[in-house]
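The values are calculated or read from the model by the stated rules, or taken from the named source; none is laboratory data. Source: prediction; values computed, not measured. Cβ: placed from backbone, ideal geometry, glycine included. Neighbour counts: every protein chain shown. Heavy atoms of the whole protein, side chains included, go into the accessibility calculation; ligands, DNA and RNA do not. Shrake-Rupley method; radii C 1.70, N 1.55, O 1.52, S 1.80 Å.
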Amino acid sequence: MSTKYLKKTVPAAWLAAGSLMLGGCAGESPSVVMQEENMALPALGNMEYHTYVLANELFAQLRPSRQAKYAVTGFVPADTMSWNSKQQDPLMMLGHQLEEGLITEAAKRGFTTQEFKLTDDIIMGEYADRVLTRDIEQLPGIERVDFYITGTIVRQQAGAMVNARVINARTKDVVAAATRFFPEGLFWEEEKVTTRNGRLYRTEDKG
């Protein structure tokens with residue numbers, strides 16, 4: 001059975017289940033029910049859900065403005081401040097996915113985000129065409145950016161703690177911040193072999 005989180009259908013189902021578990025406690029607030037939903041949801045396949053909840057906290061005190069422009073950048077490890085392609089673990093792509101996911105969440109909430117990886121022309125390849133690139137020579141000058149959306153990742157045994165923030169590009173003031181734990185099973189099921197800090201680890205089945 002698929003464990004993909006469906007934003008439009010899951011809440012109603014969990015609310016119904018939550019009312020049974022609470023045993024008719026009508027005084028429970030929606031935030032308590034939301035907490036129960038979060039605890040019961042399986043980890044695998046819920047990257048969208050975790051990003052959505054992180055964005056809810058991050059943008060809770062901000063109001064979108066047509067004049068303000070935001071740039072969302074990748075999330076990096078807090079200790080090195082750079083992405084390491086040699087670090088092969090279940091959450092190695094978390095920083096990239098957070099960047100893409102928060103662009104979506106910001107746009108849904110009415111914030112104007114800058115796509116700074118956009119070229120001036122369509123790049124035609126042998127098998128595909130594209131307009132995004134990391135080649136600095138193919139990129140035009142970056143337009144005015146008022147706020148950066150970025151953050152850090154702190155690895156833990158069963159996942160990673162994500163610390164997101166919105167920063168005023170001119171004053172460098174942090175105007176909003178949010179923290180959420182992302183379990184390591186979000187991208188793939190538990191692997192038999194993985195590497196951490198340059199060492200090989202093997203997990204055995206129990207039972």
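Can you confirm whether segment 90-100 contains a residue that is more than 17 Å from E184 (Cα to Cα) and under 15 Å from the mean Cα position of the chain (by Cα)? Working first, answer last.
Pass one, segment 90-100, residues more than 17 Å from E184 (Cα to Cα): 99-100.
Pick out the ones that are also under 15 Å from the mean Cα position of the chain (by Cα) and you get 99-100.
Yes, the conditions are met somewhere in segment 90-100.
Suppose the filter is closer than 19 Å to A55 by Cβ and not basic (K, R); does M161 pass it?
Working: closer than 19 Å to A55 by Cβ: yes; not basic (K, R): yes.
Against the criterion (closer than 19 Å to A55 by Cβ and not basic (K, R)), M161 qualifies.
For segment 144-164: of the residues being of a type in the set (A, V, I, L, M, F, W, C) and outside any strand (DSSP E or B), which is surrounded by the fewest Cβ atoms within 10 Å (Cβ to Cβ)? Spell out how you get there, then give the answer.
Within segment 144-164, the first condition is being of a type in the set (A, V, I, L, M, F, W, C), and the residues that meet it are 145, 147, 149, 153-154, 158, 160-162, 164.
Now restrict to residues that are outside any strand (DSSP E or B): 145, 158.
Numbers: V145: 15, A158: 10.
Selected residue: A158.
Rundown of residues vs (1) open to solvent by 80 Å² or more (accessible area, probe 1.4 Å); (2) in a loop (DSSP other than H, G, I, E, B); (3) farther than 22 Å from E57 by Cβ; (4) modelled with pLDDT of 90 or more, yes/no style:
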residue: V166; (1), (2), (3), (4): no, no, no, yes
residue: K172; (1), (2), (3), (4): yes, yes, no, yes
residue: A178; (1), (2), (3), (4): no, no, no, yes
residue: F182; (1), (2), (3), (4): no, no, no, yes
residue: W188; (1), (2), (3), (4): yes, yes, yes, no
residue: T195; (1), (2), (3), (4): no, no, yes, no
residue: Y201; (1), (2), (3), (4): yes, no, yes, no
residue: E204; (1), (2), (3), (4): yes, yes, yes, no
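Which condition number does T104 fail, the rest of (1) at pLDDT 80 or above; (2) closer than 27 Å to N46 by Cα; (3) touching a Lys or Arg at 6+ places or on another chain (Cβ under 7 Å); (4) open to solvent by 50 Å² or more (accessible area, probe 1.4 Å) being met?
For T104, the exception is condition (3).
Would you mention how many residues in segment 102-129 are under 24 Å from the mean Cα position of the chain (by Cα) and of a type outside the set (S, T, Y)?
14
Does A60 meet the test of being in a loop (DSSP other than H, G, I, E, B) and either aliphatic (A, V, I, L, M) or under 16 Å from the mean Cα position of the chain (by Cα) (or both)?
On the way: in a loop (DSSP other than H, G, I, E, B): yes; either aliphatic (A, V, I, L, M) or under 16 Å from the mean Cα position of the chain (by Cα) (or both): yes.
Against the criterion (in a loop (DSSP other than H, G, I, E, B) and either aliphatic (A, V, I, L, M) or under 16 Å from the mean Cα position of the chain (by Cα) (or both)), A60 qualifies.
Residues that are modelled with pLDDT of 90 or more and on the phi > 0 side of the Ramachandran plot: does segment 74-91 have at least one? Give the derivation first.
Our first condition is that a residue be modelled with pLDDT of 90 or more; within segment 74-91, this holds for 74-78.
In the following step, the residues that additionally are on the phi > 0 side of the Ramachandran plot were identified as none.
Checking segment 74-91: not a single residue is modelled with pLDDT of 90 or more and on the phi > 0 side of the Ramachandran plot.
Show the residue pairs meeting these rules: Cβ distance below 6 Å; 6+ apart or different chains; first residue within segment 70-93 and of a type in the set (D, E); second residue open to solvent by less than 30 Å² (accessible area, probe 1.4 Å) and modelled with pLDDT under 75.
D89/T194
Among the residues of segment 118-137, write down those that are loosely packed, with under 13 Cβ neighbours inside 10 Å, outside any strand (DSSP E or B) and of a type outside the set (A, V, I, L, M).
G125, E126, Y127, R134, D135, E137
What is the residue count in segment 120-139 for residues that are touching a Pro at 6+ places or on another chain (Cβ under 8 Å) and at pLDDT below 75? Quick ask: steps written out before the conclusion?
Within segment 120-139, the subset touching a Pro at 6+ places or on another chain (Cβ under 8 Å) is 120.
Narrowing further to those that are at pLDDT below 75: none.
Qualifying residue count for the region: 0.
Please determine, by comparing only the residues of segment 66-78 that are under 19 Å from the mean Cα position of the chain (by Cα) and part of a loop (DSSP other than H, G, I, E, B), which one is surrounded by the most Cβ atoms within 10 Å (Cβ to Cβ).
The initial filter retains those residues of segment 66-78 that are under 19 Å from the mean Cα position of the chain (by Cα), namely 70-78.
Next, only the ones that are part of a loop (DSSP other than H, G, I, E, B) stay: 73-75, 78.
Working: T73: 14, G74: 16, F75: 23, A78: 14.
Out of the qualifying residues, it is F75.
Does any residue in segment 116-139 that is under 16 Å from A71 (Cβ atoms) come within less than 7 Å, Cβ to Cβ, of a residue that is exposed (fewer than 12 other Cβ atoms within 10 Å of the Cβ) and of a type in the set (S, T, N, Q) six or more places away or on a different chain, and which pairs are these?
The qualifying pairs do not exist here.
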